[in-house]
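For reference, the structure is listed below as structure tokens.
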Amino acid sequence: MGSYADYCRRLFGRPMLKLTIDGGFSCPNRDGTLGTEGCSYCCGEAFSPAYCRGGKSITQQIDDGIRFHASRRRSATGYLAYFQSYSNTYAPLDILRMRYEEALAHPLVSGLVIGTRPDCVDEEKLDYLASLSKQHYVMVEYGIESCYDRTLASIGRGHDYACTCHAIQATARRGIACGGHLILGLPGESLQEMVEEASLLSLLPLTTLKLHQLQVLKGSQMGRQYLCHPGSLPPPFQLEQYITLVCDFLERLRPDIVVERFAASVPPSLLADPARSWRHPDGSHVKGSELSRLIRAELARRGTSQGFLHINK
Ligand code: SF4
């Protein structure tokens, strides 16, 4: 199972760091076009690190992001501008052009990762991104969240799975790298259904995938629901149970899909239900790197690997 760091090394020949950028975009599920409350698990605040806030230009955010990572001893020789907050293709094309090209003009930025909703791309935007991808690395990262229409309806996404499939296929057809984001543990989904999502996603031309356990955030609809009726949401995964689920999922996932992360990591101050973030007996948090080690160890114990049960269709 290749890591995202290996993927970057293969593509760029060196380690890369992603710099989160707030491009000042909105989301149709928040601006009233589809709704005002957002998806039921979403809390806009969780998206942006502090260095993105305060109406800074994109160049300023990149410079501050590089300094922020350097202060944490995380440096790289190349950076990807990660347009992460809200829906980063949700604006007229001339605005998108300005934002993306300002990021690409930064001498240390080698490419773009653009997070968005599947219903916020169209032929014109994808054609533009395809032309950009001839000169620069471009990945569009789609919020998939679930492969089941009943779940997508219940969490208020405002689009169905067919829309997701169409956007990913239209993007990949143009030679643009595609990422996906999936939440495990959404209300109403059984463990078996979550595992089966691996086979459904394997049918799509995805390059990368991020897995997240359901987090219940303050300020989200689910956060409010949890505070009033804690029992109305599915119970949090125990760590061992989540490792089993992810390994079952990985065994069915196409082996070339790079799994970029296995779980969400949200600042504890934003969690309405802290039990959804795992801790050691001494109270310290289980880090993402530790979780990936445990997942790899479980696959090794089983004698399997990503794609072990994948059937080419
Ligand atoms: S999760 Fe994404 S699509 Fe949903 S409300 Fe939040 S920003 Fe919008």
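A few points about this structure:
- Label point of Glu193 set 7 angstrom out along Cα-Cβ; within the range 231-249, amide nitrogens under 18 Å from it belong to 232-237, 245-246, 249.
- Cross-link reach list, lysines versus Lys134, counting only Cα pairs under 24 Å and skipping chain neighbours closer than eight places: Lys18, Lys125
- Placing pseudo-labels 7 Å out from each Cα toward the beta carbon at Leu270 and Ser154 gives an inter-label distance of 2.4 nm.
- When Met1, Met194 are arranged by Cβ crowding within 10 Å, least crowded first, meaning fewest neighbours, the order is Met1, Met194.
- Counting beta carbons within 10 Å around each of Ile311, Ile144, Ile168 and listing the fewest first gives the order Ile311, Ile168, Ile144.
- Look at the alpha carbon pairs under 8 Å that are at least 6 residues apart: their mean separation over the length of the range 116-172 gives a relative contact order of 43 percent.
- Chymotrypsin sites (Phe, Trp or Tyr not before Pro) within the range 61-137: DSSP coil, no more than 16 neighbouring Cβ in 10 Å: none
- Mean separation of Cα pairs under 8 Å and 6 or more residues apart, divided by the residue count, gives the range 127-253 a relative contact order of 25 percent.
- Our estimate of slack between Ser26 and Gln238, defined as 0.36 nm per intervening residue step minus the Cα-Cα distance, is 72.9 nm.
- With Cα atoms defining each centre, the range 263-313 and the range 89-131 are spaced 31 Å apart in the structure.
- FRET efficiency estimate (nearest 0.05) - Cβ-Cβ, Ala105 to Leu200, R0 25 angstrom: 0.05
- When Ser110, Ser87, Ser3 are sorted by how many other C-beta atoms sit within 10 angstrom of their C-beta, beginning with the fewest, the order is Ser3, Ser110, Ser87.
- Relative packing of peptides 32-38, 290-296 - highest average C-beta neighbours within 10 Å first: 290-296, 32-38
- For the range 1-50 and the range 214-235, distance of Cα centres in Å: 22
- Candidates per GluC sites (Glu not before Pro) in the range 178-267, loop by DSSP, up to 15 other Cβ within 10 Å: none
- Computing FRET efficiency as 1/(1 + (r/R0)^6) for Leu11 and Arg97, where r is the C-beta to C-beta distance and R0 is 35 Å, gives about 0.90.
- For the pair Ser3 and Arg67, label points projected 7 Å from Cα toward Cβ lie 2.9 nm apart.
- Take every pair of alpha-carbon atoms less than 8 Å apart whose residues are at least six positions apart; their mean separation over the length of the chain yields a relative contact order of 16 percent.
- Annotation note: trypsin sites (Lys or Arg not before Pro) in the range 62-93 located in DSSP loop regions with a Cβ neighbour count of at most 10 within 10 Å are Arg72, Arg73.
Laboratory data are not the source of any read-out in this text; all were calculated from the coordinates shown. Because the structure is predicted, anything quoted here is derived from the model rather than measured. As a convention, Cβ positions derive from the backbone with ideal geometry for all residues, glycine included, and neighbour counts pool all protein chains shown.
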